[in-house]
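The values are calculated or read from the model by the stated rules, or taken from the named source; none is laboratory data. Computed from a prediction, not measured in an experiment: that's the story for all the values here. Heads up, the Cβs are rebuilt from the backbone with ideal geometry, glycines too, and the neighbour counts pull from every protein chain shown.
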Amino acid sequence: MKYRWLLLITLVLMADAYREIDVTALKIKRISDGDTLVSTQDIRIRLWGIDTPERDQPYGDSATGALANMLDKRRLYLKTIDVDRFGRKVAIIYTADGDEVNLKMFCDGHAWWYERYASRASDYEQCQEDAQKNKRGLWAEENPVAPWNWRRK
């Protein structure tokens, strides 16, 4: 298990060799919604490249529950990409096995690809399209409303 962690860190560092990155172990205090959480150090974290339904929106509680299940009792690592205007770390979360939680949220149909902020994340786009085609998660709904449109109401 120790070697998997080292391999994960090495792969992440190699992928971003020309950018300064921050990869740290992560312990979760609470899940705020399907794309936001708080660490045990009270650091607010927004998952990079995804947008999930709001809690008061159809499928919002399901997206929150899906994220909670993915993170429950797992050793996690955080790769910080940016800090947003609300002071939250914008990041990608990995499990100790090297699985990317952000990507899994798309593949399982719990999130929209936030193209505005992650335009080069073609794997996110592909997973979302596959989930839509196969009516997984929120895509099983008849007319799912994108969170950015819901917030404008």
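Of note:
- Which listed residue is in contact with a Phe, Trp or Tyr (Cβ under 6 Å, 6 or more places away or on another chain) and closer than 23 Å to Ala68 by Cα, from Cys107, Cys127: Cys127
- Of the strands (runs of 3 or more DSSP E) lying entirely inside segment 19-66, those containing at least 3 residues that are on the phi < 0 side of the Ramachandran plot and among the charged types (D, E, K, R) are 28-33.
- Subset of segment 27-40 (residues that are touching a Leu at 6+ places or on another chain (Cβ under 9 Å) and either without any contact (Cβ under 8 Å) to a residue 40 or more places away in the chain or surrounded by fewer than 22 Cβ atoms within 10 Å (Cβ to Cβ) (or both)): Lys27, Ile28, Lys29, Arg30, Ile31, Asp33, Thr36, Leu37, Ser39, Thr40
- Residue check for Asp51: touching a helix residue (DSSP H, G or I) at 6+ places or on another chain (Cβ under 7 Å), modelled with pLDDT under 95 and among the acidic types (Asp, Glu): yes
- Test: residue in segment 78-87 that is within 11 Å of the chain's Cα centre (by Cα), of a type in the set (Phe, Trp, Tyr) and either more than 14 Å from Gly34 (Cβ to Cβ) or at pLDDT 95 or above (or both): no
- Residue check for Thr64: surrounded by fewer than 18 Cβ atoms within 10 Å (Cβ to Cβ) and either within 23 Å of Ala25 (Cα to Cα) or aliphatic (A, V, I, L, M) (or both): no
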